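Following: one structure in structure tokens, then a few remarks.
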Amino acid sequence: MRIDIVTLFPEVALAPLSDSIIQRARAAGVVEVRAHQLRDWSTDKHRRVDDSPCGGGPGMVLQAEPLFAAVAALRGPLTRVVLMTPQGQPFKQALARQLATDAHLLILCGHYEGVDHRVIEALVDLELSIGDYVLTNGAIAAAVVCDAIIRLLPGALGDDRSPEDESFCDPQLLEAPTYTRPVQYQGMCVPEVLLSGHHGKIAAWKHQQALARTRANRPDLLP
Ligand code: ADE
């Protein structure tokens, strides 16, 4: 898979993808990630890429011209063009799994008051939001999306099965609590069932705990 990120802050987009599991996946050739400076496609002598909103209002809007030029330069026949924006559809694990099967993602990062809407109408296949809050910078959101996708690629995690029994595999259930040694810590004990070696009882306990945790933290996920 190849991922191109177009942003005013390439270092911000790449920093979280330059360490640990994701860096190893990149080094192993599981994914090729590149971040591009949007200003490189500006034709303005001061490398400007934004202007004030038509009709008035606060802030600045990313202009169509440099974004059209960036997409023209980077898009191929198999490219899905994604725009990071708080106005996008919510990014969920199911969508991460779907995007992980793409050959090429071209991720455009919004900034300021957003992007000229003609970019969305003409170029963007998918508008994505990572949550109902506004970040200063879409590059942060792009890094989040890339991390969630890259770790699903075959060969990215040491054990290819590990994404399987985690939260959101079943989109209606969070993961059960986990423990490790020591069995006793500051008077708190690991639940006995987990030490019983009885796989049936452990599975039943995990399911019941997952339900309780979902009810407490994410009741919106339950049917
Ligand atoms: N840019 C700013 N906030 C964002 C969000 N919540 N999701 C995606 N892109 C963003």
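Things to note:
- Burial order of peptide ranges 32-38, 76-82 (average beta-carbon count within 10 Å, highest first): 32-38, 76-82
- Helices meeting the span-like rule in the chain (full DSSP H runs, Cα extent of at least 24 Å along the helix axis, mean Kyte-Doolittle score of 0.0 or higher) are absent.
- Pairs of Cα atoms farther than 16 Å apart, the stretch 46-93, %: 60
- Sites GLN186 and GLN93, calculated FRET efficiency, Cβ-Cβ separation with R0 41 Å, nearest 0.05: 0.75
- For the stretch 168-221, the convex hull drawn through the C-alpha positions has a volume of 89 cubic angstrom per residue.
- Multiplying the residue separation of ALA203 and ALA103 by 0.36 nm and removing their Cα-Cα distance gives an extension gain of 32.3 nm.
- Here the contact order of the stretch 168-221, divided by its residue count and restricted to Cα pairs under 8 Å and six or more residues apart, works out to 49 percent.
- When the stretch 2-150 is reduced to its Cα atoms, the Kirkwood hydrodynamic radius in Å: 15.5
- Helix-derived mean residue ellipticity, 222 nm - over the chain, DSSP H n ≥ 4, -39500 (n - 2.57), to 500: -9000 deg cm²/dmol
Only the coordinates and a few stated rules stand behind these numbers; no lab work does. From a predicted model like this one, the values you see are computed outputs, not experimental measurements. When we count neighbours, we look across all protein chains shown, and the Cβ atoms used for this are built from the backbone with ideal geometry, even at glycine.
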